[in-house]
Each structure stands twice: as C-alpha cells, then as structure tokens.
Amino acid sequence: MSALVFLVRKQGKNFFRDLLRHPGKLTAYLVTAGLFAAMLVGVQTDPPKASELSDFRMLHGFFLAWLLFLSIPTLLVSLKSGTTMFRMPDVNLLFVSPVSPKKILAYGLTKQMASTLLSFLFLLFWSGMLMDHFRITALGVVLLVVASAVTVFLVQVLSLLVYSFSNGNPKRKNAVRAALYAFLGAMVLTALFLFRKNGGEAEAVWAAVSSPYLEYFPIVGWAKGAAFALIGGDLRAALLYGALLLAAFLLCLAAFEKSNTDYYEDVLSNTETQFELRRAAKENRAAMHPGGKVKTGKTGIGRGWGANAFFYKHLCEARRRSRLVFLGVSTFVTLAADLALAFVIRFSSRGDPDAPAPNVLLLIVFAADVYILFLRNAAGDWSRELGKPYVYLVPENPFRKLLWASLTSVLQPAADGAVLFAVLCAAVHASPLAGLICFLGYVTFGALFTAGNILAQRVMGGMGNRGLVAFLFMLLLALVAAPGIGLGAAVFFAVPGLPEAARIFVAGLPVVGWNLLASLGIVFACRNLLSTAEMGV
C-alpha cells in the first residue's frame, strides 16, 4: 500500500510543479477562482427577492433529469465497450508491480472518485444562477455537485459489473438493455401517474417531478433524495439515502469481485481505447479503433482543386458518418430536448397572464440552443487537418485553405438550425419571421464559435472549449458578441410600432451582421495559421 501512497503523492507534486512551470495554466486557474468568488460575493450581497424566486420544485425535476442524463447513456455505452478507471501510466506502473489486485482496484476507485468530483467543479459556475432563481445557498449548490459526482462514480462501478456480466453474451446484453429501458420507463410512468393524480394542471407538473416516490428508484433517485434532504435539513432521510448508496456500491463491488471475467484483460483493452481517444483529441485527428468497422461506401473525393479539395474531402467524410451528411443523432436529440423545453414552459405557464408568447418562447429555446452549440462546437473537420502535412503542403493561399477547411464547421449548424427552427416554429405556432431570424442567428453564432476556436488554436495551440479554459473562452466570446446583442436590443426598443415578429426580425439583423463581421475579422486575423506547420500545433 505504501507504493500506492507514494504514487499518489508524486502525482500531486507533479501537478503543482506543472502549474508553476506553465504560468498560463496557473493564471487560468486563478482567474477562474477569482470569477467564481466574485460571483458568489455578488449573489450574497444582493440576495433575490421572494417574488423573483422560481418554484423550488422545478429544481427537483431538473436535477433528476440531469442525473438520468449522466447515468443512462453511460450504462448503455458500457454494454459495448465497458469502462475503465485507469490510464496507460497506471497500467504500465501498477499492473506489472507486486501489488495486490484488490489494492490496485481500491486505488483505481479512489482516484476515479476524486477525478469525477473535480470534473464536476465547473457546475459551481451555475451557482449564481441557481441562487438567483431558487431559494438555495452556496452549500446547497455544493451538495448538488457532490451528488452528481457520486452518481457518476456509482454508475461507473455499476458499468464494471454490467460489462463483466454481459460481455460476449448477446442475450445478457439485450436483457440488461431491456432492464435499463424498463427502469427509465417506470420512472416516466410514475411521474405521469403522479401528474394525473394531482389534477393534470400546470401545478401538477412540479408536484410530480418533486414527489418523494421518484426518490425510491435506485442510485439516481437515492442521490437526488440525499442531496435535497440535506438541503432541507432532513438528516434522517439523508442518512437513509446515503446508506442505500453505500450499500449499492458495496453490493456492486462484491458481485464484481466474484465474477469470473478476466478484469485486467478487459481493463487493458478499454484503457488503450480511451488512451487513443485522448491522444487523438490532443492531436486533432480521428481516433483509430482497433477491430472497429469502418464504413467506406463511395470512395474518392470526386471533386475539388487546390484549397477547395479540403471541403469536398470533408463532405466525403461526413457522408460516411451519416447518410444525412450534416444531420446526425445529436440534431434529433437537440430537437427532442427543445420540444420538451417548449412544452414544459408552455404547460407550466398555462393560465398565467405573463406567459411567454409563441415568438418569445422560440427565442428562449434559441438561447438554450446557442449555449448547447457552444458546448458541441468542439474540434471540427478543419482542426483535424492540422495534424496532417497536406494542409501545409498544398500550394495555395493560407487564408483560402483556412476558409475552405473550416466551411463544413459552419454548414453543420446551418443544417441543424434549418431542422430545429422549422420544426419548433410549427410546434409553438411562432411567426416564420421569428423562425428565420433564429435560424440566421444560430448559423452566425456557429460561425463565431468556429472563428473563436481558430483563434484559440492560433494563440494557445488548442481548442478553446476544453477543460478549464472553456469558461474563460465563453466569457471572451460573450464579450465579442456583446456589441451586436446590445445594438439589437436598442433597435428592438426603437421600433415599438412594428408587430412583434417584425420587431424581433429587425432587432436580430444587427446581431447576425455583427456575428458575421466578427467571425470574418477573427479568421482574417488568423489567416496565416496554415502558412507553417509550427503555427498549427
């Protein structure tokens, strides 16, 4: 055990030494901590009025949905590829050392729990919004973050058991998958039953999602129950749910240790896969999956000459990823989430004289989609070219190469936006003018985010929406977009005589125009990014 303690101590020392050797990282950590402290102090000095607070039961429902979003996809993925708590350095150092396998497993579990908790620290930046809209303290926000981390950790442990139980057995995989869907269906049916039981009105929505009956469901329900019991001061219920979570962890661990699967062989394979994915992300290239099937379909680029060959190459790659080219699973998942959000807002405000009009409701969903677009706007097709020599060797103007190589990253949100806002406009009965300006705004925000990632690649040598830098990068892009948003707001209040849809459309034009100008300006400022390979890495 002393060897493991030594390893942990060394890793901690190396982390702080790395911060001292890289002042940029240290500055990012300090600035982020300062912003969080300033936000927290601002909320404490200017607490919200009781009339400004939202129904606390809404937070129950949102948090339960968040835990399900973290849990169900993880378990479904584990049926195919399993999970791992180790990295390649752990495999190279520990798996060949004379240390007990149980101690190595305990080390992996402890390290995974700490890593999971740290990965959820970014949720603390939502504390200001939560404290502004709900009657919750900073300690309550921390409890929600801890509950999220505990849920993910337990789900990962359960994934180990699920993979060891179902690996290599299609019937067991189907049985586990059916059990997961049945679990999710039981929660939905319980919520619907409670909704109907409470009258089926707007008030019944929040009464249903905050019902203690949903807290009886394992792991996600228990974690949610423990967090809100502590927030509400119910220590007895918190201890009960905490004991159930601990019992679930010990039961999964005991069942896993008694399984006959070769754990270390599976861990080695999964660790190598995760290592390849991380390395590919750092090197801005597509990951190679050993033994995976590659869809070829139509071969050859077919068109293009010079710089625009990169665009047609990316089109060919997009066709292999999806038959709909730019539309994929994420498009329809976002659409489903948008429709659910619109339904909840409309239903919960039914009968309220201040309920948002259809055009305003569309703008609310648009704002949520822009935020999701920022989170989804990771390394695009253009960034993967930076790890290859061809983009630098093509005898073309670097600016033209950058424009053509990044064009699909702009067309992607255009295709998504066309589907999202056409369906949403019809679903909420909004004006086509409002839908059109939301579509144009979505496309130009996508262009702005792509330009921002190009700037991050030029300045920092990496993507701006990864890790800790994401929050600072989001603030920077918000500052860039602020003039257009401010001008749009001024135009909106300057034309009170126009119909609502026309006012929204006219007010949105400055936002669209400014986003385009800012995007082109940023890309033009980085036009020499592809002149030499050293600039792209």
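Structure summary
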| quantity | calculated |
| --- | --- |
| Equivalent ellipsoid, the range 135-258 (semi-axes from 5 times Cα gyration tensor eigenvalues, Å) | 29, 21, 11 |
| Set 13/103; 111/171; 111/258 screened for pairs whose C-alpha atoms are more than 30 Å apart | 111/171 |
| More than 19 Å apart - percent of Cα-Cα pairs taken over the range 478-526 | 31 percent |
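Values quoted throughout were computed directly from the atomic coordinates according to the rules given, and no laboratory measurement underlies them. Values in this document were obtained by computation on a predicted structure and should not be read as measured data.
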